[in-house]
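Participant: Let me begin by handing over the structure; questions about it come next.
Computed from the coordinates by the stated procedures, all read-outs in this text should not be read as laboratory data. Not measured: the values here are computed from a predicted model. Heads up, the Cβs are rebuilt from the backbone with ideal geometry, glycines too, and the neighbour counts pull from every protein chain shown.
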Amino acid sequence: MNILVTGANGFVGKSLGKRVALNGWRVRGTVRYAEQAASLPTGVEVVQIKSIGADTDWSGALSGVDTIVHLAARVHVMNDTSSDPLYAFRQVNVAGTERLARMAATNGVKRFVYISSVKVNGEGCEKPFTEGDIPAPEDPYGVSKWEAEQMLHKVAEDTGLEVVILRPPLIYGPGVKANFLSLFKIVDRGIPLPLASINNHRSLIYLGNFVDAISPCINHPKAAGRTYLVSDGEDVATPELIRRVAAALGRPARLLPLSPSLMRFAGKLFGKSDAVERLVGSLTIDSSKIRRELGWKPPYTMEQGLKETAEWFKKKHGHAKPQKARRETKIQKPF
């Protein structure tokens, strides 16, 4: 099989390129800048696509392709500076995806695997999300992903293109950035975190597990037309996640108690409610559908995934010197 991976130089793309090559499939990857080609795995054919939108010419990347895994997107960012974030997300994630899907169908591509997000379901609820839930995206990124999913189903009806949609939660692993990388840095430096009192549940997925889940979606007959939620299958509370990260780094977990209600109040006060909710709120998913229909099981435990992430972190960012315990000053009593 010939597989096209868009965003091949990204966090997921590089790992997926290696995995697809191991399956014996030929891999073609798109990058935005020519110098990014050097970061791709050996054997990946490179095609430069400078920007993604309604007018992007994908013809140079589609020749002979059987399946597309569409990773390239305008991703969720904190403190978005765009004057109209929803418009910016729609230009890339909806119009750009539709352009690729319709050109793919015209060029004989059989299947289109779209990497969406659990944010299509929402930001969290008391029970695990499933594929049957009514979508309730709350931010421009989630809205654009949901609109892209609907558009792809329309393209499938019009052209016969097989569409498979994956909605992952937070993905972690070697190369991770943003909040998860910040968490590793904080724990490694021994900075106390006021999160001991939180009693929530969060679903995550290790990069190796996610890439493994993409593999059957590329060619499994039962995957056509399906949407799947995927996770490690080990839901953890925020304090437990910090303890596991600390164990992987060989550091103590320094947790202090603070009322979640007080944290939420502070979040509202300083305009950081979304950030606080990701720490104190629950977001879990039920990934039984992909396990049942495609026979998929995550090959790695969360412990293994965090260990691999920790090893990468130590090599890439160094291992901070442990903070020395303060010496108690003894007061000399007069004779």
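Participant: Please tell me if Tyr141 is surrounded by 20 or more Cβ atoms within 10 Å (Cβ to Cβ), in contact with a strand residue (DSSP E or B) (Cβ under 7 Å, 6 or more places away or on another chain) and of a type in the set (Phe, Trp, Tyr).
Facilitator: Working: surrounded by 20 or more Cβ atoms within 10 Å (Cβ to Cβ): yes; in contact with a strand residue (DSSP E or B) (Cβ under 7 Å, 6 or more places away or on another chain): no; of a type in the set (Phe, Trp, Tyr): yes.
When the stated conditions are applied, Tyr141 does not pass them.
Participant: Restricting to the range 1-16, name every residue that is under 12 Å from Glu45 (Cβ atoms) and surrounded by fewer than 24 Cβ atoms within 10 Å (Cβ to Cβ). Spell out how you get there, then give the answer.
Facilitator: Taking the range 1-16 as the starting set, the residues that turn out to be under 12 Å from Glu45 (Cβ atoms) are 2-5, 8.
Within the range 1-16, Asn2 is the sole residue that qualifies.
Participant: Looking at Ala224, Ala266, Ala237, can you tell me which residue is surrounded by fewer than 17 Cβ atoms within 10 Å (Cβ to Cβ), in contact with a strand residue (DSSP E or B) (Cβ under 9 Å, 6 or more places away or on another chain) and more than 30 Å from Val109 (Cβ to Cβ)? Break it down stepwise before answering.
Facilitator: Details: Ala224 fails: more than 30 Å from Val109 (Cβ to Cβ); Ala266 fails: in contact with a strand residue (DSSP E or B) (Cβ under 9 Å, 6 or more places away or on another chain).
It is Ala237.
Participant: Then there's this: Do you know which of the residues in the range 81-113 that are among the small types (Gly, Ala, Ser) and in a helix (DSSP H, G or I) is farthest from Thr227 (Cα to Cα)? Can you show your working first?
Facilitator: Filtering the range 81-113 down to residues among the small types (Gly, Ala, Ser) leaves 82-83, 88, 95-96, 101, 104-105, 108.
When the remaining residues are screened for being in a helix (DSSP H, G or I), the result is 88, 95-96, 101, 104-105.
Values: Ala88: 25, Ala95: 20, Gly96: 20, Ala101: 17, Ala104: 20, Ala105: 19 Å.
Of everything passing the filter in the range 81-113, Ala88 is farthest from Thr227 (Cα to Cα).
Participant: For the range 156-185, which residues satisfy the criterion of being of a type in the set (A, V, I, L, M, F, W, C) and under 23 Å from Thr301 (Cα atoms)? Before the answer, list the steps.
Facilitator: Step one: filter the range 156-185 for residues of a type in the set (A, V, I, L, M, F, W, C), giving 156, 161, 163-166, 170-171, 176, 178, 180-181, 183-184.
Correct list: Leu166, Leu170, Ile171, Val176, Ala178, Phe180, Leu181, Leu183, Phe184.
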